[in-house]
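Visitor: I have a structure here, written as structure tokens, and I will follow up with some questions on it.
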Amino acid sequence: MPIHMGIKCDVCQTVHFVATSRSVRLRESVEGMYRLTCQPPCHEVREFRKEGMHPYRVSDDVFKRGYAEEGEYELVQGIGLRSARVPPAGQRSARAR
Ligand SMILES: [Zn+2]
């Protein structure tokens, strides 16, 4: 299964994929800062930087949906950001300056 960069909500353990999730937005006021607004019924709001993302192994269907619930993802250890897919939002941020 493919590996994608995601951010995990510590409250409900859902992983949101930066590239496909509608819950993750790049903040325009603070450079390099993302904001995650978890989906209902959780509603947890969390701000994070690229370093806060981790690679997760998930099925294509789950990735396209934008998030993976507990048991649907597997954290990949020992893989750096460089070898994982860089989310489009991050590329856009780098080009802005
Ligand atoms: Zn949550």
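Visitor: Would you order His4, His54 from fewest to most other beta-carbon atoms within 10 Å of each residue's own beta-carbon?
Guide: Fewest-to-most ranking of His4, His54: His54, His4.
Visitor: Give me Glu74, Glu47 ranked fewest to most by other Cβ atoms within 10 Å of their Cβ, as a rough exposure proxy.
Guide: Final ranking by Cβ density, sparse to dense: Glu47, Glu74.
Visitor: Follow-up question, since we're still on this one. Please report the relative contact order for the stretch 3-78, taking Cα pairs under 8 Å with a sequence separation of at least 6, and give it as a percent rounded to a whole number.
Guide: With pairs under 8 Å counted, the relative contact order is 35 percent.
Visitor: Using 0.36 nm per residue of separation minus the Cα-Cα distance, give me the extension gain between Arg57 and Asp10 in nm, one decimal.
Guide: Between Arg57 and Asp10, full extension yields 15.1 nm more.
Visitor: A further question follows. On a full-extension model of 0.36 nm per residue, what is the gain between Gln77 and Arg35, subtracting their alpha-carbon distance, rounded to one decimal in nm?
Guide: 12.7 nm
Visitor: Roughly how many nanometres apart are two label points built 7 Å out from the Cα toward the Cβ at Arg27 and Phe48?
Guide: Distance between the two pseudo-spin positions: 1.5 nm.
Bear in mind that the values in this text are calculations on the coordinates, not laboratory data. All values derive from a computational prediction rather than experimental measurement. Reconstructed Cβ throughout: ideal geometry from the backbone, glycine too, with neighbour counts over all protein chains shown.
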